Amino acid sequence: MIDLHTHSTASDGIYSPEDLVQKAQDRNIKVLALTDHDTIDGLKEAKKACDKAGIIFVPGTELNIEWPTGEFHLLGLGLKKISPDLQTILDELREGRDGRNREIIEKMREAGYDVSLEEIQAANRTKCLGRPHFAAYMVEKKIVKTRQMAFDKYLGKHCPWYVDRVGADLNKAIEAIKCSGGIPVMAHPLSIYVSWGKIRGVMEDLKERGIVGLEAYHPGARTSECQRLEELARDLGFIVSAGSDYHGEAVRTDRRIGHTCGGSKIEDRFYFDEVLPAIQKNCEEYGISDDYSFWD
């Protein structure tokens, strides 16, 4: 069993990178990718913990991409280093996130709530503050009963405290990931809200732009949809990935580390037959030593 999409307190997960690795070890996971949103802050800690636990570590990140519909997230899997271009993207996304957080705080204050960004930051162990942290704060302060209610009533799109996120340019993000030794994989493809009738054309364009893989298997989709995505990926020449998108039970009770759509275990083949050979091929094409790792 493996997992190629997880989050820690470096972004919006509830477990530190070290504790996340412990959760993986407890569940006999062989391969673990840490893919925090718009940051690499947790990778060194996770790498050290994985080495100690005997788990193969896949350094990664999940970048927010500028896209006209839905939500486009791009995984970078197998990062060996951080290229200047990738660092620029991470810095710009963090600046955009900080600006968005300040705007959300302003909307909350206008609604009559005495809250500060510093207060929410102090309650969390991350430099990468996001809406899930606001939702947790709102539950703690009894503004809402649940985190989901916070999104449904206040923080979700078209809600009074919603603020658009800054996204990276797709073409630049693809190249920045590849130059860093990793492979660009589209996370949860159905989140871009493209109909099945149009999705093939979109995916053909993404393949031409340089995306290597599709995360066909994700707990946010039905098993039949995931199987359909895998068929499309095979037909278009993508590799196929799978993940849990695990943030911790308190965030999403329906998501378990090492499991994907329909609660099924994530098979080893997604790493050893798909992701690993693609990373090795990319390193060869970009002249990056496959045994080099900035995280060691």
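List of remarks:
- Members of the range 243-296 found to be farther than 17 Å from His5 by Cβ and touching a strand residue (DSSP E or B) at 6+ places or on another chain (Cβ under 6 Å), listed by number: Asn282, Trp295
- Criterion (under 26 Å from Tyr246 (Cα atoms), assigned by TED's automatic domain parsing to the domain that holds Glu62 and of a type outside the set (Phe, Trp, Tyr)) met by exactly one of Ala123, Ala187: Ala187
- Residue that is surrounded by the most Cβ atoms within 10 Å (Cβ to Cβ) [pool: residues in the range 87-134 that are more than 18 Å from Ala168 (Cα to Cα) and among the β-branched types (Val, Ile, Thr)]: Ile104
- Every pair of residues 6+ apart whose Cβ atoms lie under 8 Å, when the first sits in the range 264-282 and is at positive phi and of a type outside the set (A, V, I, L, M) while the second is part of a helix (DSSP H, G or I) and at pLDDT below 95: none
- Taking the conditions (1) under 30 Å from Gly130 (Cα atoms); (2) modelled with pLDDT of 95 or more in turn, Phe294 satisfies each one other than (2).
- Those strands (runs of 3 or more DSSP E) of the range 8-86 in which at least 2 residues are within 25 Å of Ala173 (Cα to Cα) and either free of Cβ contacts under 8 Å to residues at least 60 places away in the same chain or not assigned by TED's automatic domain parsing to the domain that holds Arg269 (or both), considering only elements entirely within it, cover 31-34.
- When Gly181 is tested against the conditions (1) touching a Leu at 6+ places or on another chain (Cβ under 9 Å); (2) closer than 30 Å to Val240 by Cβ; (3) not assigned by TED's automatic domain parsing to the domain that holds Leu75, the lone failure is (3).
The values are calculated or read from the model by the stated rules, or taken from the named source; none is laboratory data. As the structure is a prediction and not an experimental result, all values here were calculated from the model. Please note: Cβ atoms are built from the backbone with ideal geometry, for glycine as well, and neighbour counts cover all protein chains shown.
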